[in-house]
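K.L.:
I have a structure I would like to understand better, so I am pasting it below and will then ask my questions one at a time.
The values are calculated or read from the model by the stated rules, or taken from the named source; none is laboratory data. Computed from a predicted structure; not experimentally measured. Positions of Cβ are generated from backbone atoms using ideal geometry, with glycine treated the same way; all protein chains shown enter the neighbour counts.
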Amino acid sequence: MPPSACILQFGKKTSQSLAGALRSLAYDMAKSNSIVRDLLVKLQNEGLTMDHDDSRAIWSKVFRAGIFQVRWPLLLSRCAW
């Protein structure tokens with residue numbers, strides 16, 4: 001399984017932002033880990049909404065209140081970020 005990589009592309013506003021980098025990281029994590037994928041689907045089903053360009057909301061709602069609440073041994077045993 002290849003490690004995740006966040007590539008910033010010049011000329012594309014969304015790929016140059018912190019929000020874009022966080023979305024990309026969450027997407028890569030979900031692609032390679034079913035626990036993260038299930039968590040993100042659960043957040044969406046619960047009605048989670050946010051501005052896609054709001055890096056603070058993405059960090060707070062997706063990472064701090066979501067991904068970082070998963071038990072790390074379980075999470076790390078299935079990833080290569």
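K.L.:
Could you grab me the full set of residues in region 57-67 that are surrounded by fewer than 15 Cβ atoms within 10 Å (Cβ to Cβ) and either touching a helix residue (DSSP H, G or I) at 6+ places or on another chain (Cβ under 9 Å) or among the small types (Gly, Ala, Ser) (or both)?
P.N.:
Filtering region 57-67 down to residues surrounded by fewer than 15 Cβ atoms within 10 Å (Cβ to Cβ) leaves 60, 64-65.
Matches in region 57-67: SER60, ALA65.
K.L.:
Within region 22-39, can you find the residues that are touching a residue at least 24 places away in the same chain (Cβ under 8 Å) and surrounded by fewer than 18 Cβ atoms within 10 Å (Cβ to Cβ)?
P.N.:
The answer is SER32, SER34, ILE35.
K.L.:
Mind checking which residues of region 1-53 are at pLDDT below 85, under 18 Å from ALA65 (Cα atoms) and either part of a helix (DSSP H, G or I) or among the aliphatic types (A, V, I, L, M) (or both)?
P.N.:
Residue satisfying the conditions is MET50 alone.
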